[in-house]
Each structure stands twice: as structure tokens, then as C-alpha cells.
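Here's the structure we're looking at; comments come further down.
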Amino acid sequence: MSEGIRVAVGQVTLSGAMALARTEEDLLELAVREHARMVYRIAYSVFRNHQDAEDATQETFVRVLRARRKLATVDDPQRWLARIAWRVAVERKKNSPEISLEETDGAVTQLRSTEMPADEAIVSQEVAEALERLVPALPHQLRDVVTLSTVGDMSPTDVAAVLEISEAAVRSRLFRARQILREKLGVLLEGRYGT
């Protein structure tokens, strides 16, 4: 059965392999296998820290385990899991410290391992650090859209579903956030390098 084919089961519509899963445990195991990377990327986009992202991923699937009966009735398991992952990560982020040793160690390692000239690597690192500071400073509506859209598999449609807003609102907020970031980054770099 192709992944694009949808099969009706009672009043529930399931896609591809989900239709083959016969029990709640099968559905849960399949959801974990198919979507664990996406859940991790969502958590990582919030934390920028592997350990916290792994913890949030685990908590997401614990919540899914508790609600496994609902999984069979979900139209789009990927969006449902993305929404749960986003909520878990945001809740955990509110209660976590601002900076971790892993983040500072990772920055040093990244700077050492680059193959570009040192001055370009430093400018590139400064731009990345500036963006890391500027994105959290955005209004929350813009920040959430930018954060989720940086996750590889999150299309504007998926971001809209996770945040429970329209796709047009996602595109508008993303456009506005990019404008703000571009302007602020330009001011920072102009002040820094006098261009």
C-alpha cells in the first residue's frame, strides 16, 4: 500500500502504514518510528541544546503514550505530534536555565572545526550569535513562527496547524519577522564593521 493512499477505517481515515497497524500499541510504535526525528527537531529548535531536546522528545512520547487511544482518531498524526512536541518544548523552556555548558562548548568546537578563513568564520559566528539573540527578542507571535519554520519538515501549513492559526497568518508573520531580523542584523553589523 502506498503512503499516499488513504484508507477509511470506520469513521477514521488513516494513511499508509497507519492503516496496517491493528492495535493502539502498533499505532504508537509506528508514530514513534515515523515521527521521532521531527519531534526532536521541534524540541531542538526551541532549546538549541541536545540534552534538553532529547528530554522534551521523551516527554512528548510519554504524553502520546498516555493519550494513545486518541491516536487512532487523529486525522494527521504528524501534525498532532508536532503540536504536542511544540507545547512540551515551550512549557519546558519556560522552566529551564538560559544557557548551558553544552551550548558554549559547541560554539568553541564549531569555530575550531570550520574550514573557512578565521575572519570569515568569526563574522559568520557573530551573525549566528546575533540571530540567536534577536530571534528570542521578537514578539512571541513572530518568534514562534520563525522557530517552527526553522524545523526542516515544518511547512507553513504544518506551522499553522501546530500554532492553530491560518496559513496566511504564518506567511505574514514569517515575512514580518524576517524583515525585522534583517533590519536589526544590518544595524548590528554596520555598527560592528562600519560598512
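A few points about this structure:
- Amide N proximity, the stretch 59-99 versus residue 157 label position 7 Å along Cα-to-Cβ, cut-off under 15 Å: 75-80
- Between residue 128 and residue 179, full extension at 0.36 nm per residue minus the direct alpha carbon distance yields a gain of 16.7 nm.
- The ranking of 81, 30, 65 from fewest to most other beta carbons within 10 Å of each one's beta carbon is 65, 30, 81.
- A simple spin-label model places pseudo-atoms 7 Å from Cα toward Cβ; at residue 66 and residue 50 they are separated by 2.9 nm.
- Once the C-beta distance of residue 25 and residue 190 is scaled by a Förster radius of 41 Å, the resulting FRET efficiency is 0.10 to the nearest 0.05.
None of the figures in this text is laboratory data; all of them are computed from the coordinates on show. Everything numeric here is computed off the predicted structure, so don't read it as measured data. When we count neighbours, we look across all protein chains shown, and the Cβ atoms used for this are built from the backbone with ideal geometry, even at glycine.
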